[in-house]
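Below is one structure, written out as structure tokens; the observations come after it.
The values are calculated or read from the model by the stated rules, or taken from the named source; none is laboratory data. All figures in this text were calculated on a predicted structure; none of them were measured in a lab. Virtual Cβ from ideal backbone geometry, glycine too; neighbours counted across all protein chains shown. Ligands, DNA and RNA are stripped out before the accessible areas are found, and what is left, the full protein with its side chains, is counted by its heavy atoms. Shrake-Rupley method; radii C 1.70, N 1.55, O 1.52, S 1.80 Å.
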Amino acid sequence: LILGLALGAGGTIVRSTLDSRIRNEQDLRRVTEVPLLGSIRFDQDAVKKPLLTQTPPQSPRAESFRQIRTNLQFANVTGHAKSVLVTSALPGEGKSTTATNLSIALAQAGHTVCLVDADLRRPMVDDYLGLARDAGLTTALLGSNDVNDLLQPWGDENLYVLASGQIPPNPSELLGSHDMKQLILRLEEAFDTVIIDAPPLLPVTDSAVLAQHVGGAVLVVGAQ
């Protein structure tokens with residue numbers, strides 16, 4: 001009996017020690033010292049209604065995005081970082097919905113916002129917002145159209161969206177190009193904030209390359 005209890009307790013301690021999954025904010029604070037902007041409350045309806053405008057204004061999920069908006073502004077008190085890249089480690093952690101809803105929250109606060117879908121491998125922003133994807137970021141980078149002709153207004157606030165455009169065979173080269181850097185600088189001059197939805201970090205190098213051109217980066221961490 002004593003041996004069984006000891007083995008059970010020992011096994012529990014070892015399992016707990018080796019478990020590196022992130023379940024909450026406290027777990028995240030233990031593994032990183034970078035500022036934590038907030039957590040997004042789980043909502044069962046978010047799968048069918050992912051947008052901030054589809055949830056009640058006083059819901060916990062809507063308040064979560066407003067908290068992230070406020071903390072992002074505190075993290076950028078100098079105002080130098082006008083462009084923010086939103087990414088994650090792996091697909092499916094919620095980076096695209098976070099980038100989209102953060103853009104909506106900033107626009108609702110009176111900012112002029114440009115949301116750029118730079119995930120040139122699996123673009124999702126146009127699906128969430130119901131916009132056309134035929135022409136967008138890749139079109140501008142190829143010089144086929146001016147970026148002003150490609151921006152699509154969305155909603156009642158000052159939110160403009162630059163969709164991904166046609167998916168190219170060389171996303172990393174396009175996102176790391178001088179033309180991409182100049183495009184971001186031009187958008188920074190025209191808007192208060194530029195939010196860029198970028199591919200996940202571990203499968204491809206796109207976000208690491210693109211991060212060199214932006215003022216800051218937000219990493220979305222999925223629970224579990």
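Numbers at a glance
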{"read-out": "Of all accessible heavy-atom area on the chain, the percent that carbon and sulfur account for (1.4 Å)", "value": "54 percent"}
{"read-out": "Label point 7 Å beyond Cα of Leu28 along Cβ direction - residues of segment 187-224 with amide nitrogen under 13 Å", "value": "218-224"}
{"read-out": "In the chain, lysine pairs with alpha-carbon atoms under 26 angstrom apart (chain gap of 8 or more, or interchain)", "value": "5"}
{"read-out": "Taking segment 29-81 and dividing mean pair separation by its residue count, relative contact order in percent (alpha carbons under 8 Å, at least six apart)", "value": "40 percent"}
{"read-out": "Helix-only [θ]222 nm of the chain, DSSP H runs n ≥ 4, -39500 (n - 2.57) each, per residue, nearest 500", "value": "-11500 deg cm²/dmol"}
{"read-out": "Amide H partners (placed H, <5 Å) of Val218, local residues excluded", "value": "Leu85, Val86, Thr87"}
{"read-out": "Table column - 3J(HN,Hα) (Hz), segment 142-153, Karplus curve with 6.51, -1.76, 1.60, x for Gly and Pro", "value": "7, x, 6, 9, 6, 4, 4, 7, 9, 6, 10, x"}
{"read-out": "Computed accessible area, Arg66, all protein chains, 1.4 angstrom probe, square angstrom", "value": "50 Å²"}
{"read-out": "Electrostatic dipole magnitude of segment 1-156 [Cβ: Lys, Arg +1; Asp, Glu -1; Cα centre; debye, to 20]", "value": "560 debye"}
{"read-out": "Residue-normalised accessible area of segment 108-224, expressed per residue, 1.4 Å probe, Å²", "value": "47 Å²"}
{"read-out": "DSSP beta bridge pairing in the chain, given as percent antiparallel to the nearest 5", "value": "15 percent"}
{"read-out": "Label-point gap, in nm, between Asp146 and Leu90 - each point 7 angstrom along Cα→Cβ", "value": "4.5 nm"}
{"read-out": "Kyte-Doolittle at least 1.0, axis length at least 15 Å by Cα - qualifying DSSP helices, the chain", "value": "2-18"}
{"read-out": "Karplus (6.51, -1.76, 1.60) ³J(HN,Hα), θ = phi - 60°, over segment 159-171, in Hz, Gly and Pro reported as x", "value": "10, 10, 10, 9, 5, 6, x, 5, 6, x, x, 10, x"}
{"read-out": "Protection-proxy order for peptides 52-60, 20-28, 110-118, each taking the mean of Cβ atoms within 10 Å per residue, highest first", "value": "110-118, 52-60, 20-28"}
{"read-out": "Normalised contact order of the chain, rounded percent, pairs of Cα under 8 Å and 6 or more residues apart", "value": "28 percent"}
{"read-out": "Distance between segment 28-72 and segment 123-156 - C-alpha centres, whole angstrom", "value": "25 Å"}
{"read-out": "Spacing of the two label points (7 Å from each Cα toward its C-beta) at Glu63 and Asp156, in nm", "value": "2.3 nm"}
